[in-house]
Amino acid sequence: MFGTIARFELRYQFRNPVFWVATVLFFLLTFGATTVESIRLGSGGNIFTNAPTAIAQIMLTMSLFFMFVTTAFVANVVVRDDETGFGGIIRSTKVNKLSYMLGRFSGAFLGAAVAFLAVPAAIWIGTWMPWVDPELIGPNRLQDYAFAFLVIALPNLLITSAIFFAVAIWTRSVTYSYLAVIVCMFAYFALTAMLRKWPDVSLAAYFEPFGTIAYGLGIRYLTPIQANTQSLELTWMLLSHRLVWMALSIALVIIAVWHFRFAERGTSPRGARRQAAREAKLAAVSPLVVRQLPDSMPERGVWHQLRTRTLLEMKLVFKSPAFWVLALVGSINLLLTLTLAGRFYNVPPWPRTFVLVETVRGASALITVLMAIYFAGEVVWRERERRINEIIDATAVPNWVFLVSKLCGVAGVLIALSVGVVLVQSIAFQLVRGVADIELGQWLAWFAAPNIFYVIHLSVLSIVAQAVSPNKFVGWGIMLLYLVSTIVFAGLGLSHPLLNYAEASNPLSDMNGDDYGGATAWALRFYWTAFAAILVIIGHLMWRRGTAVTLAGQWRTLPARLRGMPLAIMALALAITAGMGSYLYYNMNIANHYWAGGDAEDMRTARYEKAYARYLGRPEPTLTDVRLDVELRPSRRWAQFDGRYRFSNATTRPIELLHVRIPAPTLRVEAIHVPGATLVSDDKENLHRIYRFAKPLQPGDQGTLTFRTVQEKRGLYALPSNLQAYEFDAQPAANGAYLTNFAFAPALGMSGANFLQGNKQRRKYGLSAGKTAPRLGDPAARNRNFASVDRVNTDITVTTDADQTLVVTGARVSETVANGRRTARFVSPIPSLNFITIQAGRYAQKSVDAGRGVRASVYYHPEHAMNIDRMLNAMVDSLNYYRDNFGPYQYGYARIIERPDYGGGANSAPGTVGYSEKVGFIMDFRDPHRLDFLAYLTAHELAHQYWFHQVMPADMQGAEVLTETLAQYSALMVMKKNLGADQIRQFLKYEQDIYLQGRRLEAAEEQPLAKVYRQGYIHYNKGSLVMYLLQDRLGEDRVNGVLRSLIERYRSKPAPFASSSDLVDGLLAIARTPAERELIRDLFYRITLYDLRVSQATVRKMPDGRYETLITVAAGKSYADGKGNEREATFNEQLDIGVFRANPDDRGFTREKVISLQRLPIRSGQQNIRMITTSKPAYAGIDPYLTFVDRNVSDNVVAVTERGR
């Protein structure tokens, strides 16, 4: 009987339109994710589109979204017979409940599994498409598809099928099953966010049902070659996870079937009493006499009908259990987001209003969309599902009343929830976290009012989607396609504000409010409101009344019914949409530059390289002097720059051509003049000019260039779609203007710094593969510095509003205020790198004496004073360490200046560090156990005054070692001095994880540290580990001596510039043994990986009262090439072996909890270590402070167990 029913159900599902719609839909989604480069899932960099890891990731992701489909399959089997009237007939047969329900479930589950086969089929077919880059396609191996389907996807389908099958049994409602899908998705995302914060991620993986964490742990450190060639391993964790959750799913199905009532459900005595009470109550309030007859002209009562029906719709939604369930889910999701969002190194921000508004915008958006989709379907189709539509349709109520009342009902409910409840919950969160100044006005202006418009626009789209659909589920499908399309279009670069429905967001700032893009956002809301009115008219014309009206008939007669008031409203809305759209397009794309981002920017970069790369390496003039006169009008977001350059030919060859690069398309160039030279090429598309000297500039000769440029935001401008562009686009701001010469001043000479780097991108645009960096040791490259800037004397005069403080590169030599304007002049005390920053704002200032003639200052927004002392202390500590160990600091001032958070974090100009307001200024360090990342960040940025501003590397491989790696090391040494070596473990663990994950996403080839070029995971994260290990082995003072010598050799010197070889040679010179020299080569010239672990640690008490601990350790070493191929090497190093009272990974671990820490010789393979201590240890470890690059640091320390005598 079971098999017969299962086969019947499977055949039914194959005939069901839902099966074919789901199959086609997920085939197309997967096909797009496979063949469209910008929306690829599971792959990236050099990982193949059909790599085993990519196939598994695609199936895992699709299986999560497939829960909407499995619900349609398994929930339907529970209610279908009762809805069709066959339930009683079936229950009268001999079929038993167990065979009936399990057979139905099995057939539906198999139908879902067959439909999901469209996903692997789409991947396989997509790999054969001619437009897909063949370099991104690997061999199609059946076992990779089978593993992903059987181990990843199929168990997930079983889990979701079981959950929603059980919900359908217990509620007898398909609708509540779909509600459960929404709840499940939010619960899953919230659970995953919490589990990823757990200290023991391996244990957390078992609490996540779909295997995302368990699978991710197995692949996170794979290299591209491993990800492409190695079949996925069925690890014990993944196998046990799958078995546990499959067993729980089967148990859930059995329990649900066990509780299923196969007999007709009657009314219980309690239910009968409740029904009687409701009828009695209804009879008591029902009027016996109609006091007022309806108006004889119904059109006069339409507004009363609209109001009454709107209140009814809202009341019915509010009384729905679904509303309260979704509201609870949204509230929990919001609380988790408020608690976890915005953290750096697990340090939360102060809940300032502008931070929370941006947080809750994102946190409440998805639940708002899902509620709009869900309730739009419920309210539009309620009467038909209750079978009272014929009665309602026969009333004298116009179509638009039905449509608008349902629209207002849904919008009103969502406004109450997504605006009112979210607002109250967010303000309560602020109060609990100790914020007294709630800024209710900002909440209303920045969140409530914009969100009301968004909710209305969303409600219109959801209601109209239902109005033009043949049933509720098709309407839901249309809206889900809309959601998917927004993601896909963004990946394709089609994210223009005029195309992205209801999109009207803009960044916020405590310093400027919504000044940046606020007016544009409101204009867009007006534009989308007019467009929404068009949709409402379409929904009104498509509204169906009666049983004989069909959707197709409505479409055919739509033009004939478009007359009278609907025609007038639509014509007006079309006119407003077209007019406003044209006006916005002119402002965004013509009057201002629109940053398209994505492929458009890559295409422009590739076009530039093809046109001008041939000029790289030719003799170029050296900039020596820069004079600027700047007129700043902050309230107008306008700045004018009059500049004069002096340059000279410092080469040994004549220079015939002068290349001038315009930094950004947002900059308006009003004049550039080069005396003695003629403009021979003005490439406006590539922002590049070429001047030819009338007489070649001879060695030692000088020349000048004058220019006038303007930065201005005109009218209603579009915000950049890529954050990198904010540095060029956002300023000047009304408060906290941040202007750099990289955005407002022409640059001399050629630079390949911004050429495309990844092999994939370079192939796509017809460029040669491989990095564009000159090789380490290239003699010609030693004459070009890494930043493509010269050391110049600067003389800068800036005029701004009188209420603003000016902070500009150089020392302030004069300042005057007249006629409401402030003018200040800044002159560089020594030739400095041509990195000019101009900042102006209504700042507060605090300064301290940093000693040795240096004044440390912080300029900040007056409301952001909470961490100023922490910054100043970090500045003084850093300067003291650097001056003691590296040499003199070159300026009499060290300044940190706050700027609005419009993208970018922190950067270091001569004597000046710029921080965005979210970086440090508003972080909450009240918990003393929080990692002081602000001190670390401040130390890193000040270190650049040495490692960039004093020692400038040559433009070749390894350049970032001398800038970022040494800045990382310097900051770690400051933290080590202040906190102790025990606290540095948290930093090193973070650096290990980021470096090892970064290897998998490498876009070209991983390079050894000494040859790194624009690979952040190497020069930042690996570099920190390497330098910390070296100071631990060679000695901090000896390493610092090498760095001091490097500075003395290259401080502010012209070509030839420093290289990473200079650093490595210095380290090799101080090595005392061949083993130390081999370690240095391993760390800098090879890609070296280690495998250090403790397999067991036992302890016993000795007769003399001491404790004997036996530790079984193992060590291994391997070398990798740039693609990730590895070969074993011999390990023979001195390693730290220790026993502890507490786990070194615990927060608050201190030196006092170390019982014994010894450095012992360790060889490849397994060996036993015996340690005698006077205290009983709780933990034992090898390399417990994580100084070596180890792919699994979780087994470095284990708990010590008792052993017998």
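Among residues of region 388-407 that are touching a residue at least 12 places away in the same chain (Cβ under 8 Å) and under 14 Å from residue 302 (Cα atoms), those with a Cβ under 6 angstrom from a residue that is surrounded by fewer than 21 Cβ atoms within 10 Å (Cβ to Cβ) and of a type in the set (Ser, Thr, Tyr), sequence gap 6+ or separate chain, pair up as 405/310.
Here's a check for you: in region 321-350, which residue that is outside any helix (DSSP H, G or I) and either more than 25 Å from residue 512 (Cα to Cα) or aromatic (Phe, Trp, Tyr) (or both) is modelled with the highest pLDDT? Step by step, filter region 321-350, then rank; the result is 350.
Does residue 998 satisfy being closer than 30 Å to residue 220 by Cα, assigned to a helix (DSSP H, G or I) and at pLDDT below 95? Yes, satisfied.
Apart from one condition, residue 629 fits all of (1) among the charged types (D, E, K, R); (2) touching a strand residue (DSSP E or B) at 6+ places or on another chain (Cβ under 7 Å); (3) over 30 Å from residue 819 (Cα atoms); the exception is (3). When the strands (runs of 3 or more DSSP E) confined to region 613-709 are screened for residues that are of a type in the set (A, V, I, L, M, F, W, C) and crowded, with 16+ Cβ neighbours inside 10 Å, those reaching at least 2 such residues are found at 622-633, 638-648, 655-661, 668-673, 688-697.
None of 444, 431, 414 is aliphatic (A, V, I, L, M), surrounded by 22 or more Cβ atoms within 10 Å (Cβ to Cβ) and out of contact with any Gly (no Cβ under 8 Å at 6 or more places or on another chain) except 414. Scanning region 1071-1106 for residues that are within 41 Å of the chain's Cα centre (by Cα), farther than 23 Å from residue 1178 by Cα, surrounded by fewer than 18 Cβ atoms within 10 Å (Cβ to Cβ) and not charged (D, E, K, R) yields a single hit, 1085.
Here is a yes/no grid of residues against (1) aliphatic (A, V, I, L, M); (2) more than 27 Å from residue 741 (Cβ to Cβ); (3) in contact (Cβ under 8 Å) with a residue 24 or more places away in the chain:
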| residue | (1), (2), (3) |
| --- | --- |
| 542 | yes, yes, yes |
| 584 | yes, yes, yes |
| 588 | yes, no, yes |
| 608 | no, no, yes |
| 624 | no, no, yes |
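Residue by residue, here is whether (1) out of contact with any strand residue (DSSP E or B) (no Cβ under 8 Å at 6 or more places or on another chain); (2) crowded, with 16+ Cβ neighbours inside 10 Å; (3) within 16 Å of residue 1096 (Cβ to Cβ) holds:
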| position | (1), (2), (3) |
| --- | --- |
| 1111 | no, yes, yes |
| 1115 | no, yes, yes |
| 1119 | no, no, no |
| 1123 | yes, yes, no |
| 1126 | no, no, no |
| 1134 | no, no, no |
| 1137 | no, yes, yes |
| 1146 | yes, no, no |
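Within region 876-927, the set of residues being assigned to a loop (DSSP other than H, G, I, E, B), of a type in the set (Phe, Trp, Tyr), surrounded by 22 or more Cβ atoms within 10 Å (Cβ to Cβ) and at pLDDT below 95 comprises 902, 921.
Within region 375-387, the set of residues being within 24 Å of residue 303 (Cβ to Cβ) and without any contact (Cβ under 8 Å) to a residue 40 or more places away in the chain comprises 383 only. Could you please let me know if residue 353 is within 20 Å of residue 185 (Cα to Cα), polar (S, T, N, Q) and at pLDDT 85 or above? No: the conditions fail for residue 353.
Of the helices (runs of 4 or more DSSP H) contained entirely in region 84-179, those carrying at least 1 residues that are modelled with pLDDT of 80 or more, of a type in the set (S, T, N, Q) and surrounded by 15 or more Cβ atoms within 10 Å (Cβ to Cβ) fall at 97-116, 154-171. Taken together, 390, 383, 358 contain a single residue that is among the charged types (D, E, K, R) and either assigned to a strand (DSSP E or B) or under 34 Å from the mean Cα position of the chain (by Cα) (or both), which is 358.
Rundown of residues vs (1) surrounded by 18 or more Cβ atoms within 10 Å (Cβ to Cβ); (2) in a loop (DSSP other than H, G, I, E, B); (3) without any contact (Cβ under 8 Å) to a residue 24 or more places away in the chain; (4) under 37 Å from the mean Cα position of the chain (by Cα), yes/no style:
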{"position": "1013", "(1), (2), (3), (4)": "yes, yes, no, yes"}
{"position": "1017", "(1), (2), (3), (4)": "yes, no, yes, yes"}
{"position": "1023", "(1), (2), (3), (4)": "yes, no, no, yes"}
{"position": "1042", "(1), (2), (3), (4)": "yes, no, no, no"}
{"position": "1047", "(1), (2), (3), (4)": "yes, no, no, no"}
{"position": "1053", "(1), (2), (3), (4)": "no, yes, yes, no"}
{"position": "1063", "(1), (2), (3), (4)": "yes, no, no, yes"}
{"position": "1069", "(1), (2), (3), (4)": "no, no, no, no"}
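Is it true that residue 469 is among the hydroxyl-bearing types (Ser, Thr, Tyr) and either surrounded by fewer than 22 Cβ atoms within 10 Å (Cβ to Cβ) or at pLDDT below 90 (or both)? Against the criterion (among the hydroxyl-bearing types (Ser, Thr, Tyr) and either surrounded by fewer than 22 Cβ atoms within 10 Å (Cβ to Cβ) or at pLDDT below 90 (or both)), residue 469 qualifies.
The values are calculated or read from the model by the stated rules, or taken from the named source; none is laboratory data. Model, not experiment: these values are computed from the prediction. Ideal geometry is used to build each Cβ from the backbone, glycine not excepted, and the neighbour counts take in all protein chains shown.
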